[in-house]
Amino acid sequence: MTEQEWVAQYEKGKICRVELLDKLSHLCWMTPTQTPAVLSMLRSRCDLEIYNVARWLTELRREPWLDVSADPAWLTPTVISLAQAIDAERAFDRLPILADALEDAGCTNADMLNHCRQPGEHVRGCWAVDLVLQKK
């Protein structure tokens, strides 16, 4: 079934919230081109809690198809201190600043830079921040 079909089942009361969230757990593996449409559909058809869980799923897991590793040249004192502050203070509104610092340090990886600049909510465990901080 597609995401739309699972949501329709939920709307009709044929599956419960937990089942819907279980079915949506694959969102963490979707490509950036797939994710916005699904999140938009969830935002318009489901309650805020389901939308937020789906959004967090896309945030927490670094997509396996991404070929991103932290180049040591990017890990300047500025980049590291920004990432540490963002993580410690949960100041994810500063991610675009981190993207600028990464770019200044020579990062040209579009996936990394776009993720940091994408609008919307980011959460602790954000793969881009964790990558800079070399967390597993």
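Results, tabulated for the structure shown:
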| item | result |
| --- | --- |
| Hits in the range 77-97 - residues which are without any contact (Cβ under 8 Å) to a residue 12 or more places away in the chain and more than 16 Å from Met112 (Cα to Cα) | Pro77, Ser81, Ala85, Ala88, Glu89, Ala91 |
| Of all residues in the range 1-18 being outside any loop (DSSP other than H, G, I, E, B) and without any contact (Cβ under 8 Å) to a residue 12 or more places away in the chain, the one that is surrounded by the most Cβ atoms within 10 Å (Cβ to Cβ) | Gln9 |
| Top-ranked residue of the range 36-69 - restricted to ones that are of a type in the set (Ser, Thr, Tyr) and touching a Leu at 6+ places or on another chain (Cβ under 6 Å), ranked as modelled with the highest pLDDT | Tyr51 |
| Test: Asn114 is within 20 Å of Pro77 (Cα to Cα), out of contact with any strand residue (DSSP E or B) (no Cβ under 6 Å at 6 or more places or on another chain) and among the polar types (S, T, N, Q) | no |
| Qualifying position, being within 16 Å of the chain's Cα centre (by Cα) and not aromatic (Phe, Trp, Tyr), among Ala88, Ala128 | Ala128 |
| Selected residue (criterion: surrounded by the most Cβ atoms within 10 Å (Cβ to Cβ)) from residues of the range 107-125 that are among the polar types (S, T, N, Q) and either more than 10 Å from the chain's Cα centre (by Cα) or assigned to a helix (DSSP H, G or I) (or both) | Asn109 |
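The values are calculated or read from the model by the stated rules, or taken from the named source; none is laboratory data. Note that this is a predicted model, so its numbers are computed, not measured. Glycine gets a Cβ as well: all are built from the backbone with ideal geometry, and neighbour counts include every protein chain shown.
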